[in-house]
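The values are calculated or read from the model by the stated rules, or taken from the named source; none is laboratory data. Predicted, not measured: the structure shown is a model, and the values here were computed from it. Glycine gets a Cβ as well: all are built from the backbone with ideal geometry, and neighbour counts include every protein chain shown. Note: areas computed on protein heavy atoms with side chains; ligands, DNA, RNA excluded. Shrake-Rupley method; radii C 1.70, N 1.55, O 1.52, S 1.80 Å.
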Amino acid sequence: ANGALNGGAWYAVYEDAGGIFYEKCVPSVDGCETGTDWTDRTDIGESGGTADTDNRNPSAWWESDRAKMWVVWADNSRDNLQFVDIDVDASDPGTAGTLCSGADQANHNPTTWQVTITVDSSDTIYVSYVDTSTSTTNNMYRIATGGCTFTAILTSSGVDASDRPILLATGTQTLHSIFQDGTTLRHSVYVNDASPGWDSADTDITGVATD
């Protein structure tokens, strides 16, 4: 499960029997350890109002400034990435936005995908996946603010199919990809400006000193 914290509330996101769900907890004295602290679960992996039972491996991103959560997962039958945003200020425990689906990745095995999502302050969304069972299949996408079109940005990132990237957006137009390549830790930076692209890629940060 993944989660997020909003003020005094916790949100848990998880997969159960192929469905993607989230729940909200406002901790009591025992700190979310009893069922009564949690709301009923909400299904956010539905398709057209019909329960979708072959989704896998959700990952969440939280934006405290907007009290909004984004959740991405792999859809096994469609062989693609899907994501949705949840506005937790619009209702309690939240209102899900439009479900967005990426391109079919051609008969791969999403049950073993590692997926990640991040959102910058202008609401540009970035998602990635890698098939951990084969280490031969991966991709990374940018989705423009308010849109559902997946634009591939993997080329020139330095991220190979055997890597496991974690994405982190900062500011209004910068994406950081941090990943392990063999025995080294690597860092790439994508800038979504007038000429979007990777400003730096595959930088070895294994031995970088920290403050």
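For the chain, what is the accessible area per residue in Å² when the probe is 1.4 Å? Write out the running numbers ahead of the final one.
On the way: 9820 Å² over 211 residues.
For the chain, the solvent-accessible area averages 47 Å² per residue.
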For Rg and Dmax of the Cα atoms in Å, several values are listed as [x] 19.9, 60; [y] 19.9, 68; [z] 17.5, 52; flag the one computed from this structure.
-> [z]
Which residues' amide hydrogens lie under 5 Å from the amide hydrogen of residue 139, considering only partners 5 or more residues apart or on another chain, with H built in the peptide plane?
-> 129
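Based on the alpha-carbon gyration tensor of the stretch 25-145 and its eigenvalue square roots a ≥ b ≥ c, which shape applies: rounded if a/c is under 1.5, prolate if not and a/b is larger than b/c, or oblate? Don't jump to the answer; show the numbers that get you there.
Values: a/c = 1.89, a/b = 1.54, b/c = 1.23.
Prolate, because a/c is 1.5 or more and a/b exceeds b/c.
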Amide H partners (placed H, <5 Å) of residue 186, local residues excluded | 179, 180, 181, 205
Be a star and scan the stretch 110-135 for residues whose amide nitrogen sits under 11 Å from the point 7 Å along the Cα-to-Cβ vector of residue 161.
-> 131-135
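Taking a ≥ b ≥ c as the square roots of the Cα gyration tensor eigenvalues, with a/c under 1.5 meaning rounded and otherwise prolate when a/b beats b/c, else oblate, which class fits the stretch 99-211? Mind dumping the intermediate values first?
Numbers: a/c = 1.94, a/b = 1.06, b/c = 1.84.
Cα axes put the stretch 99-211 in the oblate bin.
For the stretch 22-91, what is the relative contact order in percent, using Cα pairs closer than 8 Å and at least 6 residues apart in sequence? Intermediate values should be presented prior to the final figure.
Values: 91 pairs, mean separation 14.0, N = 70.
Relative CO of the stretch 22-91 lands at 20 percent.
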Which of 127, 72, 189 moves most in a GNM of the chain, Cα contacts under 10 Å?
-> 189
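Excluding residue 79 itself, what net charge comes from residues whose Cβ is under 14 Å from its Cβ, given Lys and Arg +1 and Asp and Glu -1?
On the way: positive: 56, 78; negative: 52, 54, 75, 104, 131.
Spelling it out: positives minus negatives among the neighbours equals -3.
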Evaluate the distance, in nm, between pseudo-label points positioned 7 Å from the Cα of residue 200 and of residue 32 along their respective Cα→Cβ axes.
-> 3.5
For the pair residue 152 and residue 133, the simple spin-label estimate (label points 7 Å beyond Cα toward Cβ) gives in nm 2.2
Which whole-number percent is the relative contact order of the chain (Cα, under 8 Å, 6+ apart)?
-> 11
